[in-house]
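What follows is calculated from the coordinates using simple rules that are stated; it is not laboratory data. All values derive from a computational prediction rather than experimental measurement. Cβ atoms come from the backbone with ideal geometry, glycine included; neighbour counts cover every protein chain shown.
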Amino acid sequence: MKAVILAGGFGTRLRPISSTRPKPMVPVLGKPNLQYILERLEKVPEVDEIILSVHYMRGEIREFIDEKMADYPKTIKFVNDPMPLETGGALKNVEKYVNEYFLVVYGDVFTNFDYRELIKAHEANEALITVAVTKVYDPERYGVVETEEDGKVVHFEEKPKRPKTNLVDAGIYIVSKKVLEGIPENKEVYFEREVLPKYVSTGEVYAYKIPREYYWVDLGTPDDLFYAHQIALDQIAKDNGYYTIKEGAEVPEEVEIQGPVYIDEGAKIGRGVKIKAYTYIGPNTVVEDKAYLKRSVLIGHDIVKETAEIKDTILGEGVVVGRNVILKENAVVGDYARIYDNLVIYGAKILPWKKVEEYEAYIRIKLDPTKVRPGVTPDRCPLGLPECIYKKFKAIAGEKPPCDECIENQWLF
């Protein structure tokens, strides 16, 4: 049996973290998500070959497989998409390499689900497609699935505005090769919007609910990446205690740690540093004296200078954070960006290699009249942003103030 990993997407919503790496290579606790998927597939005896469907930054994926997964016991085949084909078109592109039915895993799914359970369910129901489903709190972000008692899918809708259930498509399928016959070649086709609904209408799609003991996260946004780290840290805490310090890390005794915390190999922590719950400090990162970290992800090779405060923030690789800098409110900093001393940054997305020497707030307002309040310019920002940022915003946005509906992760430095 073949397993197809769809690893060609751009990861637009995960930028700037995905600006410099393909989405399957986004790391959780220092390990690319693609590696987690391959390790799970290694334990499935039915799968004898993995097919990697790649497009965006495919060279980085190939380099990772050649260097880090050289000892992988199963065959890995690369299939390049000639252009962005979306999920359905990418599956059509692997048609000649798959057997009667095959396993499909989206490259941005972070889970410890046992794929063997889905294979057994598919063999039992004799469907053309068996889709793994799971319950979530925000189903409007996903494909919502309605089923009968025997698991037959009776309705499927991608990202509905008013979902009727919180049961959603988990991005893991068993697919019959017959399904690929109806997909045109070299054309953008969405598997969730165009292929699945077609076979749901003919009663040939069944669902298998992922049991509650397994975790599942779609690594689509920075918030999802935070959540994946939270789950991973909780899992490690159950086995190894509330904090993990890897070999080669330097952590003075007076450092205050409130777990779960993970400090990776080669990290150097200064004196008087406070590291609070749900913080991951990546390999070879330097945190200087009296810095403060809480609920943050530092991917690795970062430098956090003395008395800096980082809270609810993701730092890409090789980021330099200056002295007395405050980063908080879900800020995301791209690889090798540099933030100069004494800046306070709230909820920003900072582009890779960017040098932030002063506030340079650029906000893109979606042209939706229901989300902008024209003619209203309060003296203070309704989001509580610093006055210097708000003044620049008003100049850029034509005196239209931000609101919590229209802001939606639009800060870019």
query = So what are the radius of gyration and Dmax for the Cα set of the chain, in Å?
reply = 22.9, 65
request  = Considering only 161, 135, 74, give the residue with the highest GNM mean-square fluctuation for the chain, with springs between Cα atoms whenever their separation is below 10 Å.
outcome  = 161
key: FRET efficiency, 1/(1 + (r/R0)^6) with R0 35 Å, evaluated for residue 48 and residue 351 via beta carbons   = 0.25
key: Gyration tensor (alpha-carbon) shape descriptor, the range 57-127, a/c threshold 1.5   = oblate
query = From Cα coordinates alone, what are the radius of gyration and Dmax values for the range 240-358 in angstrom?
reply = 12.8, 42
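What is the fewest-to-most order of 281, 174 by other Cβ atoms lying within 10 Å of their Cβ? Mind dumping the intermediate values first?
Values: 281 31, 174 25.
Going from sparsest to densest Cβ surroundings: 174, 281.
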query = Where in the range 75-106 does the label zone of residue 181 land, with the point 7 angstrom along Cα→C-beta and an amide N cut-off under 11 Å?
reply = none
message = If I model a spin label as a point 7 Å beyond the Cα along the Cα-Cβ vector, how far apart are those points for residue 166 and residue 146 in nm?
response = 1.9 nm
Mean ellipticity per residue at 222 nm, deg cm²/dmol - from DSSP H runs of n ≥ 4 across the chain, formula -39500 (n - 2.57) = -5500 deg cm²/dmol
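Evaluate 2.2 N^0.38 Å with N set to the residue count of the range 2-220, then give the Cα radius of gyration divided by it. Walk me through the numbers on the way to the answer.
On the way: Rg = 16.3 Å, N = 219, 2.2 N^0.38 = 17.1 Å.
Its radius of gyration relative to the 2.2 N^0.38 Å reference: 0.95.
Quick check for me: using +1 on Lys/Arg Cβ and -1 on Asp/Glu Cβ, what's the dipole size of the range 240-358 about its Cα centre, in debye to the nearest 20? Each step should come with its number before you reach the end.
Numbers: 16 positive and 19 negative charges, 69 e Å.
Rounded to the nearest 20 debye, it is 320 debye.
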task = Distance from a point 7 Å along Cα→Cβ of residue 214 to each backbone N in the range 171-199: keep the residues under 16 Å and list them by number.
result = 171-175
key: Residue pairs, from the table 120/209; 135/187; 274/328; 238/328, whose Cα atoms sit over 23 Å apart   = 135/187; 238/328
note = The simple spin-label model distance between residue 344 and residue 223, using points 7 Å out along Cα→Cβ, in nm, is 2.5 nm
key: Karplus-derived HN-Hα couplings along the range 209-217 (A = 6.51, B = -1.76, C = 1.60, θ = phi - 60°), whole Hz, x at Gly and Pro   = 7, 5, x, 5, 6, 9, 9, 8, 9
key: Most mobile of 71, 224, 289 in a GNM of the chain (Cα contacts under 10 Å)   = 71
query = For 271, 162, what ranking results if the residue with the fewest other Cβ atoms within 10 Å of its Cβ goes first?
reply = 162, 271
